[in-house]
Amino acid sequence: MDPDSMVLFSLNCRLGRWLRLSISIVVCCLVGSVPISAMAGQIGWLITPDEAALAPPSADQMIRPRGLSSDGPGIEIVKPEDGESIPSPAELLIRFIPKTGSIDLASLKVTLLKFISIDLTDRLRPYVNSDGIAMKDAKVPAGSYRVRISLADSAGKVSSRELSFEVR
């Protein structure tokens, strides 16, 4: 290798090391300045602390019990019971009972009722099967919650239930 090529190679290696070191320092500084919960996107929470802090729904956003449908599959809320005060992590157990047709799991929608409603369905999908929802350790911050569960059957008939509970 000629002397000019050796100089360029040496500079390139030094520049590469310097660049990698600079990037490492920047990443460490950025990571060190961001709270762990923000970095993780609050992964693992059924309801995040930020969502729990949202304002409750307005009166006109609430469906009255007579407005909830029960034409479709039965939705039996086993745990927590409506109005119950529970610890966190909480156990969530909901049974689906077919009536006129088979359960259409693609139609399942679970919504946290807040001023801006939050769709919890995708967070619950790993715990859902045709029998219902079974989640043993749902991370939920302290607070009062109202959740709406909607489900249809293969005939297109829909049922909706609401659940209120408090986490202490």
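The values are calculated or read from the model by the stated rules, or taken from the named source; none is laboratory data. None of these values were measured; they are calculated from a predicted model. Every residue, glycine among them, receives a Cβ derived from its backbone with ideal geometry; neighbour counts consider all protein chains shown.
Is it the case that the range 23-44 has a residue that's at pLDDT 70 or above and either touching a Phe, Trp or Tyr at 6+ places or on another chain (Cβ under 7 Å) or not polar (S, T, N, Q) (or both)? Working first, answer last.
Our first condition is that a residue be at pLDDT 70 or above; within the range 23-44, this holds for 44.
Going one step further and asking which of them are either touching a Phe, Trp or Tyr at 6+ places or on another chain (Cβ under 7 Å) or not polar (S, T, N, Q) (or both), we end up with 44.
For the range 23-44, residues at pLDDT 70 or above and either touching a Phe, Trp or Tyr at 6+ places or on another chain (Cβ under 7 Å) or not polar (S, T, N, Q) (or both): present.
Just to check your reading of the model, which residue among THR121, THR100 is among the polar types (S, T, N, Q), under 22 Å from PRO73 (Cα atoms) and at pLDDT below 95?
Details: THR121 fails: at pLDDT below 95.
That would be THR100, the only listed residue that is among the polar types (S, T, N, Q), under 22 Å from PRO73 (Cα atoms) and at pLDDT below 95.
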(request) Any chance you could count how many residues in the range 106-119 are touching a helix residue (DSSP H, G or I) at 6+ places or on another chain (Cβ under 9 Å) and either surrounded by 12 or more Cβ atoms within 10 Å (Cβ to Cβ) or under 13 Å from SER150 (Cβ atoms) (or both)? (result) 9
(request) Report whether or not LEU151 is out of contact with any Gly (no Cβ under 8 Å at 6 or more places or on another chain) and buried (at least 17 other Cβ atoms within 10 Å of the Cβ). (result) no
(request) Give the number of residues within the range 88-121 that are within 16 Å of SER70 (Cβ to Cβ) and of a type in the set (Phe, Trp, Tyr). (result) 1
(message) Given the criterion within 26 Å of ALA59 (Cβ to Cβ) and in contact with a strand residue (DSSP E or B) (Cβ under 8 Å, 6 or more places away or on another chain), identify the matching residue among LYS99, LYS136, LYS114, LYS109.
(response) LYS109
(request) For residues that are farther than 17 Å from ARG95 by Cβ and more than 16 Å from the chain's Cα centre (by Cα), tally how many sit in the range 119-134. (result) 0
(request) Identify the single condition in (1) at pLDDT below 95; (2) more than 17 Å from the chain's Cα centre (by Cα) that ASP137 does not satisfy, given that it satisfies every other one. (result) (2)
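Conditions tested, residue by residue: (1) in contact (Cβ under 8 Å) with a residue 24 or more places away in the chain; (2) of a type outside the set (D, E, K, R).
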site: ARG95; (1), (2): yes, no
site: ILE103; (1), (2): yes, yes
site: PRO126; (1), (2): no, yes
site: ASP131; (1), (2): yes, no
site: GLY143; (1), (2): yes, yes
site: ARG161; (1), (2): yes, no
